[in-house]
Amino acid sequence: MKIRKIGYSEPPPMNLLLLADPSIEFIEDYLNRGETYIAELNGAAVGVYILLATRPGTCEIVNIAVSEKYQGEGIGRKLLQHAIELAFQGGNKTLEIGTGNSSIGQLALYQKCGFRITGVDKDFFVRHYKEDILENGIHCRDMIRLSMDLPLKCPK
Ligand code: ACO
């Protein structure tokens, strides 16, 4: 598997990006402001993430997704490790990520990779999304904010 930055004229894998965020408006904003990386297997995009510089010395993974067919095979972890390394190489001191209160697997993965919970943006998804989001039988209302101090090696 190869992870690479997508070119300026290259179409982003919207099908994957939409797995992580149902808002096309948010995705387009992130694509315009951030750097997009894809994981390729036999020439096809199977994973994606967008890294966004948010403040001096701080960046955030604002979208990360793996094709449903390949989920649970370690690609998400590899993408996170790539983003962590890239953020550090870029001179950042902090890397952030946020996900819904209902995203149990994502919260597990991010903490396994070294992110710590720093806060809760209460009712973020209620304020910003028209449709209710239900996941794992839980109403997704709040954004759980996580961050890591760099450098940090992702635990194996
Ligand atoms: N409980 C505990 N651990 C879990 C659970 C769960 N319910 N679900 C997954 N995990 C753990 C696994 O145990 C595994 O850990 P391990 O390596 O120690 O065994 C890890 O999470 C999964 O690792 P990967 O296989 O590397 O993850 P995957 O390739 O499936 O990618 C991702 C993870 C990106 C979250 C993928 O499932 C996906 O695309 N989901 C849909 C889109 C999405 O929700 N994206 C994130 C939204 S938030 C944001 O974009 C900032």
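Some observations on this one:
- Restricting attention to the stretch 29-41, the residues being open to solvent by less than 30 Å² (accessible area, probe 1.4 Å) and among the acidic types (Asp, Glu) number 0.
- Qualifying residues in the stretch 1-24 (those that are under 16 Å from the mean Cα position of the chain (by Cα) and among the charged types (D, E, K, R)) - the one nearest to Glu68 (Cα to Cα): Asp21
- Meets criteria (of a type in the set (Gly, Ala, Ser), over 24 Å from Leu152 (Cβ atoms), away from the ligand (no atom under 14 Å from the Cβ) and open to solvent by 20 Å² or more (accessible area, probe 1.4 Å)) for Ala44: yes
- Under the condition of being in contact (Cβ under 8 Å) with a residue 12 or more places away in the chain and either touching a His at 6+ places or on another chain (Cβ under 8 Å) or more than 13 Å from the ligand (Cβ to nearest atom) (or both), the residues counted in the stretch 18-30 number 2.
- Qualifying residues in the stretch 47-61 (those that are within 14 Å of the ligand (Cβ to nearest atom) and of a type in the set (Val, Ile, Thr)) - the one farthest from Gly7 (Cα to Cα): Thr54
- Checklist (1) within 14 Å of the chain's Cα centre (by Cα); (2) surrounded by fewer than 19 Cβ atoms within 10 Å (Cβ to Cβ); (3) more than 9 Å from the ligand (Cβ to nearest atom) applied to Arg116, failing item: (1)
- The stretch 76-113: number of residues that are within 11 Å of the ligand (Cβ to nearest atom) and among the acidic types (Asp, Glu): 1
- Any hit, the stretch 62-72, residues being of a type in the set (S, T, N, Q) and away from the ligand (no atom under 13 Å from the Cβ): no
The values are calculated or read from the model by the stated rules, or taken from the named source; none is laboratory data. Computed from a predicted structure; not experimentally measured. Note that we place each Cβ from the backbone using ideal geometry, even for glycine, and neighbour counts take in every protein chain shown. Heavy atoms of the whole protein, side chains included, go into the accessibility calculation; ligands, DNA and RNA do not. Shrake-Rupley method; radii C 1.70, N 1.55, O 1.52, S 1.80 Å.
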